[in-house]
Amino acid sequence: MKIRIANLSSELNDERSLEEIISARLKISVKKIRGVKIIRKAIDARRYKGSAIKFNYIVDVELDGGINFHDKNIKKISSSENKTLKIPRLPKVLNSPRPVVVGFGPAGMFAALTLAKAGYEPIIFERGGNVDERTAAVEKFFHGGELNENSNIQFGEGGAGTFSDGKLTTRLNDDLIFSVLKIFVEAGAPEEILYLQKPHIGTDKLRGVVKNIRQQIIELGGKIFFNSQVTDFEFDSDKKISAVIVNGEEKFSTDAVFFAVGHSARDTYEMLNRHKISMETKSFAVGLRIEHPQEFINHAQYGEDFKNTKLPAADYMLTYKDLKNNRGAYSFCMCPGGQVVAATSENFQVVTNGMSNFARNSGTANSAILVTVNAKDFEKDFGGDVLSGVRFQRHYEKLAFELGGKNFSAPVQTVGDFLNNRAESKNFLTKPTYPVGFKIADLNKCLPAEVSATLKDALIFWDGKIKNFAAADVILTGVETRTSSPCRIIRDKENFQSISHAGIFPIGEGAGYSGGIMSSAIDGIKAVKNFIGDF
């Protein structure tokens, strides 16, 4: 018999095996348990009436014999396998030109894989290098070298997610979630991502995973061109895509383009705007990176158990509502045991982001602390057209570049100085981890005044939630602007195509329809399934 048990708990210091815990719950001998598969594992660190930290499980159990069902959290099942996306390998199905995928981040990668599995043999163009070339370019830049504007933290194989924490959480409730996780595991990701409440891969493991997915696409007939930027489109008289132009000169005929360029392809947005492809401005968020000792965050979340090796590096999620100015502030892309990274993709600008390896063992925790901005903010000083958000981002990134010394060093400031509009203190709780270098400066000068004001109120509020979160010596690094795309390519809700130009399928973060690795991958899959008629 196979059963699923929900709400199975064990306290942190419980030394029993999972089989022993299950046998006690079912009141049977351990010998009757033939197999256990973890479906879900989460940490409950809440301190309700002094209760201990717990691990909560959902497990599938194969039993030798049956049991009496007197527990609503136990049910009989026919299989412990979650549903996965099944796309049988088909022979080549196109007589017309092959579909093109532009960009090889999560959305483009999973669109290409889905096309390849369905027999469409896609052609993929990625403006950056393959993951090895890209890693070398990033490391060179981090250590004082020249910025490669096409192969960097934002552009290249795997997209921006390759140099991140590799978080696989999503707010979506979609049957495709398990399918995406399964594909990652088959490509070399740790199997634990299938059941952890907050799965992540880490940038070190992601690099190998994306290579393996690339190889699978190639084996299925796909073809990938790195260092190949789609710089223009050609359309027929009915505004249907007929060709893409690569690197300004080479033409590839096609009648279907899955457009997954990421949220930083500003020159590409300009090209789309020249062709009058329907786009609109969208809100995003800007702010700073804040860093603490990881042990401080662990202690805040786990209490006296903060040194227990069974517990992972702790994270946090904080929000604040500025009722006076009607703005929201929140923590974003929290990276336990990680570092702040140099994430610009353009010269004469400074942009920050966060990154963690799988082990999350750097000893430092960092997170973006952000405030929402919208079209009204862009229109005030940067015009009212669809690219006003891009100009807004560039303006504050340039200010950060100048404050940092005009050499890609980042401006940094203690929380105490930030709150008091000065830049004096060199007493840092942790050394800034931004790799290119740093310079003490007033970060208020590279943020909109409204954003600074809301961040200050938020920091004080959050200090009441996590004591000393906003201590005077906590370090801030500026500026974070690439949280999501500043514009959206408008598409039809039913068929995923551009509403103005047929054959273009805008997908992922760059199109303004997702916000992370998982949601972008799912967006790419759904667009292709609509294209091949499965929906």
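The values are calculated or read from the model by the stated rules, or taken from the named source; none is laboratory data. Since the model is a prediction, treat every value here as computed from it, not as a measurement. Reconstructed Cβ throughout: ideal geometry from the backbone, glycine too, with neighbour counts over all protein chains shown.
For the reader, a short list of remarks on this structure follows.
- Hey, Gly510 surrounded by fewer than 24 Cβ atoms within 10 Å (Cβ to Cβ) and in contact with a strand residue (DSSP E or B) (Cβ under 9 Å, 6 or more places away or on another chain) or not: no
- Contact map, region 163-176: first residue over 11 Å from Gly515 (Cα atoms) and surrounded by fewer than 22 Cβ atoms within 10 Å (Cβ to Cβ), second residue aliphatic (A, V, I, L, M) and modelled with pLDDT under 90, Cβ cut-off under 8 Å, separation 6 or more or different chains; pairs are Leu176/Leu85.
- Note on region 297-335: residues that are at negative phi, out of contact with any Leu (no Cβ under 8 Å at 6 or more places or on another chain) and not in a strand (DSSP E or B) total 18.
- Some residue of region 456-465 being of a type in the set (A, V, I, L, M), within 29 Å of Met317 (Cβ to Cβ) and out of contact with any helix residue (DSSP H, G or I) (no Cβ under 8 Å at 6 or more places or on another chain): yes
- Just one residue in the set Asn227, Asn212 is more than 19 Å from the chain's Cα centre (by Cα), closer than 30 Å to Pro312 by Cα and either assigned to a loop (DSSP other than H, G, I, E, B) or in the same structural domain as Ala111 (by TED's automatic domain parsing) (or both); that residue is Asn212.
Yes/no per residue for (1) under 15 Å from the mean Cα position of the chain (by Cα); (2) at pLDDT below 95; (3) in a helix (DSSP H, G or I):
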{"residue": "Leu113", "(1), (2), (3)": "no, no, yes"}
{"residue": "Arg134", "(1), (2), (3)": "no, no, yes"}
{"residue": "Lys140", "(1), (2), (3)": "no, no, yes"}
{"residue": "Gln154", "(1), (2), (3)": "yes, no, no"}
{"residue": "Leu181", "(1), (2), (3)": "yes, no, yes"}
{"residue": "Gly208", "(1), (2), (3)": "no, no, yes"}
{"residue": "Ile217", "(1), (2), (3)": "no, no, yes"}
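- Of the residues making up region 357-398, those that are hydrophobic (A, V, I, L, M, F, W, C), at pLDDT 95 or above and either within 22 Å of Asp457 (Cα to Cα) or assigned to a helix (DSSP H, G or I) (or both) are Ala365, Ala368, Ile369, Leu370, Val371, Val373, Val390, Phe392.
- Residue within region 237-248 that is of a type in the set (A, V, I, L, M, F, W, C), surrounded by 17 or more Cβ atoms within 10 Å (Cβ to Cβ) and without any contact (Cβ under 8 Å) to a residue 60 or more places away in the chain present: yes
- Applying the criterion of being among the β-branched types (Val, Ile, Thr) and in a loop (DSSP other than H, G, I, E, B) to the residues of region 459-499, the residue that is nearest to Glu280 (Cα to Cα) is Ile490.
- Which listed residue, of Ser345, Ser264, is in the same structural domain as Lys167 (by TED's automatic domain parsing), of a type outside the set (Phe, Trp, Tyr), crowded, with 18+ Cβ neighbours inside 10 Å and modelled with pLDDT of 95 or more: Ser264
- The set of residues in region 430-455 that are closer than 18 Å to Met317 by Cβ and not aliphatic (A, V, I, L, M) contains only Thr454.
- Residues of region 420-439 include none that is over 22 Å from the mean Cα position of the chain (by Cα), part of a helix (DSSP H, G or I) and either surrounded by fewer than 18 Cβ atoms within 10 Å (Cβ to Cβ) or not hydrophobic (A, V, I, L, M, F, W, C) (or both).
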